[in-house]
1. Does L244 satisfy the condition of being away from the ligand (no atom under 16 Å from the Cβ) and open to solvent by 90 Å² or more (accessible area, probe 1.4 Å)?
2. Please determine whether any residue of region 407-418 is under 25 Å from the mean Cα position of the chain (by Cα), open to solvent by 40 Å² or more (accessible area, probe 1.4 Å), more than 16 Å from A370 (Cβ to Cβ) and modelled with pLDDT of 90 or more.
3. Return the only residue of G20, G50, G27, G88 being crowded, with 20+ Cβ neighbours inside 10 Å, small (G, A, S) and at positive phi.
4. Go through region 8-52 residue by residue and tally those that are in a loop (DSSP other than H, G, I, E, B) and either out of contact with any strand residue (DSSP E or B) (no Cβ under 7 Å at 6 or more places or on another chain) or without any contact (Cβ under 8 Å) to a residue 12 or more places away in the chain (or both).
5. Given the conditions (1) assigned to a loop (DSSP other than H, G, I, E, B); (2) more than 11 Å from the ligand (Cβ to nearest atom), report the number of the one that V326 does not fulfil.
6. Among the candidates V332, V326, single out the residue that is β-branched (V, I, T) and at pLDDT below 95.
7. In region 327-375, what residues are of a type in the set (V, I, T) and either free of Cβ contacts under 8 Å to residues at least 60 places away in the same chain or within 24 Å of P310 (Cα to Cα) (or both)?
8. In region 475-486, is there at least one residue being in contact with a His (Cβ under 8 Å, 6 or more places away or on another chain), farther than 18 Å from E441 by Cα and touching a residue at least 24 places away in the same chain (Cβ under 8 Å)?
Amino acid sequence: MIWTSGELRVSCLILIGMMGAGKTTVGKELARRRKLRFADCDHEIIARTGVSIPTIFEIEGEEGFRRRETHMMDELTQEPDIVIATGGGVVLSPLNRELMRTRGVVIYLNVPPQILYERTRHDRNRPLLQVDNPRQRIEELFQQRDPLYREAAHLIIEGGRGNPGTMVRMIENALHKLWPTEPESELMRTLNVALGERAYPIHIGRGLLERADLILPQLKTKRVAIVTNDVVGPLYLERLRATLEAAGMQVAVVSLPDGEAHKDLPTLNRIFDMLLAERCERSTTLIALGGGVVGDMGGFAAACYQRGMPFIQIPTTLLAQVDSSVGGKTAVNHALGKNMIGAFYQPRLVLADIDTLSTLPVRELSAGLAEVIKYGLIRDLEFLEWLEQNLERLLAREPEALAYAIERSCRNKAEVVAADETEQGERALLNLGHTFGHAIETGLGYGEWLHGEAVAAGTMMAAQLSHQLGWLSAADVERISALFERAGLPVWGPRLGVERYLELMAHDKKVEAGKLRLILLRALGQGVIHGDASPAEMAAAIEARCR
Ligand SMILES: NC(=O)c1ccc[n+]([C@@H]2O[C@H](COP(=O)([O-])OP(=O)(O)OC[C@H]3O[C@@H](n4cnc5c(N)ncnc54)[C@H](O)[C@@H]3O)[C@@H](O)[C@H]2O)c1
């Protein structure tokens with residue numbers, strides 16, 4: 001794909017900078033994410049000549065090497081869809097500088113000499129550093145070359161402190177700012193949750209924390225209150241705050257302690273403390289920035305504060321992006337039951353920024369996949385098949401695969417919620433695996449298993465019961481189990497004892513008039529609400545799926 005901006009080809013990205021600046025590492029990652037070919041100019045020269053760079057220097061001198069370099073750059077920059085890492089001296093030739101600037105986007109990775117020295121001091125393959133005082137040599141080279149890098153560059157990325165992943169994100173953000181039409185926004189998908197007057201958009205894409213244009217139209221006044229937590233805040237708060245403040249917003253913040261254990265009334269009160277101390281008004285918008293816990297608490301606080309203030313969800317876990325941020329269920333836990341104190345309260349906007357998933361622990365990613373797979377099982381066989389084909393892409397966090405899976409999950413959830421906002425009927429299907437799962441979570445003690453893990457093992461019990469009822473074949477059950485396993489999820493429940501399971505399940509919110517309403521599968525892709533399972537049938541399913 002070639003994106004053009006004036007004369008520049010954004011599909012030809014050229015990394016320049018000193019030796020040790022990270023051009024190869026960053027370039028490879030950049031190429032992987034953008035599906036471009038990666039080429040390292042020095043390596044291409046070595047491959048072409050069959051000798052090392054020190055050898056070329058020895059035989060042909062620096063001048064000879066530079067000639068080869070110009071020739072190689074001329075070739076590489078004519079290739080379509082490429083990221084090129086260059087040698088540190090490429091900018092010495094005015095011809096090279098001119099050639100690069102006119103053929104692609106030149107990105108200077110600017111790393112301070114001290115860090116360059118630390119990174120390169122044990123490297124014997126750098127002929128220019130084989131001197132008595134390499135540190136001084138790096139300083140000198142930096143003084144000489146820094147102005148030339150600056151002259152050649154379209155973008156300057158201050159590196160050194162961040163890891164390569166951070167530098168790649170900085171490059172992508174900068175590219176996006178200069179060319180708003182290129183992939184970041186191309187990737188954005190928007191859905192609508194059709195709830196009449198309370199309808200709202202869900203935007204899914206990359207770099208959305210920087211998109212003031214998506215947030216501002218939803219704000220009533222110039223004030224926002226952000227609720228986040230002590231893990232997510234340090235990662236993403238400043239980015240969001242900078243976006244809002246640059247747009248003239250006044251921002252108040254409360255950061256809650258992390259974890260389900262704090263999803264309670266005393267912690268909720270801290271949000272009210274902040275809102276009152278900051279004199280927030282009913283028209284101030286509350287933004288929840290975090291996973292499902294922050295979203296559920298922020299939403300409930302927004303529902304209650306002055307009888308309801310506008311609310312925006314910025315979910316940062318996969319689970320929150322595909323499930324908890326959409327649909328308006330908000331709650332805190334009570335010592336006697338999970339999510340027992342809450343309200344239905346819809347957000348004005350959901351912004352699912354896929355970039356935030358890059359820092360999510362792998363176990364949390366898997367837990368989110370349990371809910372993604374759920375949509376396939378209850379109402380979207382085609383999506384289930386897509387997941388079977390593409391699961392590894394999701395585990396590798398490929399942005400396009402993630403965007404697709406999140407969009408499709410949200411679309412399923414939005415349709416169900418639009419048809420049954422307050423869970424009088426069809427919405428209950430979203431609870432597949434949850435009744436058995438809650439028994440696992442409570443039985444083991446909260447925090448032992450993640451919610452998504454319990455849902456996966458719980459879904460296997462529901463699948464087993466569906467098999468006992470003659471709805472699913474043994475092969476169907478195996479197919480579900482195989483998919484969960486590939487996603488890194490448990491497919492067997494812990495041995496709590498069947499009696500204990502049944503006792504815990506009887507406390508579930510899905511009990512109506514004393515009858516447990518289970519969600520089962522009539523077929524793959526077809527969930528049903530089943531109110532007639534006998535304790536013996538349930539016991540058999542639990543027994544069969546515990547290890
Ligand atoms: N409202 C609903 O409809 C609904 C639906 C499903 C689940 N839930 C609720 O959601 C909660 C579970 O949500 P969750 O799985 O997102 O858990 P969570 O909010 O506890 O997040 C999981 C962990 O990941 C951290 N984290 C979040 N984003 C991160 C990021 N980008 N990078 C690194 N770490 C990050 C969190 O701080 C936390 O430690 C439960 O309380 C559950 O009841 C609500």
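1. Values: away from the ligand (no atom under 16 Å from the Cβ): yes; open to solvent by 90 Å² or more (accessible area, probe 1.4 Å): no.
Against the criterion (away from the ligand (no atom under 16 Å from the Cβ) and open to solvent by 90 Å² or more (accessible area, probe 1.4 Å)), L244 does not qualify.
2. The initial filter retains those residues of region 407-418 that are under 25 Å from the mean Cα position of the chain (by Cα), namely 407-417.
Still in the running and open to solvent by 40 Å² or more (accessible area, probe 1.4 Å): 408, 411, 415.
When the remaining residues are screened for being more than 16 Å from A370 (Cβ to Cβ), the result is 411, 415.
With the extra rule that they be modelled with pLDDT of 90 or more, the set shrinks to 411, 415.
Checking region 407-418: at least one residue is under 25 Å from the mean Cα position of the chain (by Cα), open to solvent by 40 Å² or more (accessible area, probe 1.4 Å), more than 16 Å from A370 (Cβ to Cβ) and modelled with pLDDT of 90 or more.
3. Only one candidate qualifies: G20.
4. Here is the first cut: in region 8-52, the ones in a loop (DSSP other than H, G, I, E, B) are 10-11, 17-22, 35-36, 50-52.
So of that shortlist, the ones also either out of contact with any strand residue (DSSP E or B) (no Cβ under 7 Å at 6 or more places or on another chain) or without any contact (Cβ under 8 Å) to a residue 12 or more places away in the chain (or both) come out as 11, 18-20, 35, 50-52.
Result for region 8-52: 8.
5. Going through (1) assigned to a loop (DSSP other than H, G, I, E, B); (2) more than 11 Å from the ligand (Cβ to nearest atom) one by one, V326 breaks only (2).
6. Values: V332 fails: at pLDDT below 95.
Answer to the check: V326.
7. Going residue by residue through region 327-375, those that are of a type in the set (V, I, T) are 330, 332, 341, 350, 354, 356, 359, 362, 372-373.
Residues satisfying the conditions are T330, V332, I341, V350, I354, T356, V372.
8. If we filter region 475-486 for residues that are in contact with a His (Cβ under 8 Å, 6 or more places away or on another chain), which is where we start, we get 476-477.
Those still in the list that are farther than 18 Å from E441 by Cα too: 476-477.
Subsequent filtering for residues that are touching a residue at least 24 places away in the same chain (Cβ under 8 Å) retains 476.
Yes, some residue in region 475-486 is in contact with a His (Cβ under 8 Å, 6 or more places away or on another chain), farther than 18 Å from E441 by Cα and touching a residue at least 24 places away in the same chain (Cβ under 8 Å).
The values are calculated or read from the model by the stated rules, or taken from the named source; none is laboratory data. Because the structure is predicted, anything quoted here is derived from the model rather than measured. Please note: Cβ atoms are built from the backbone with ideal geometry, for glycine as well, and neighbour counts cover all protein chains shown. Just so you know, the surface numbers come from the protein's heavy atoms only, side chains and all, with ligands and any DNA or RNA stripped out. Shrake-Rupley method; radii C 1.70, N 1.55, O 1.52, S 1.80 Å.
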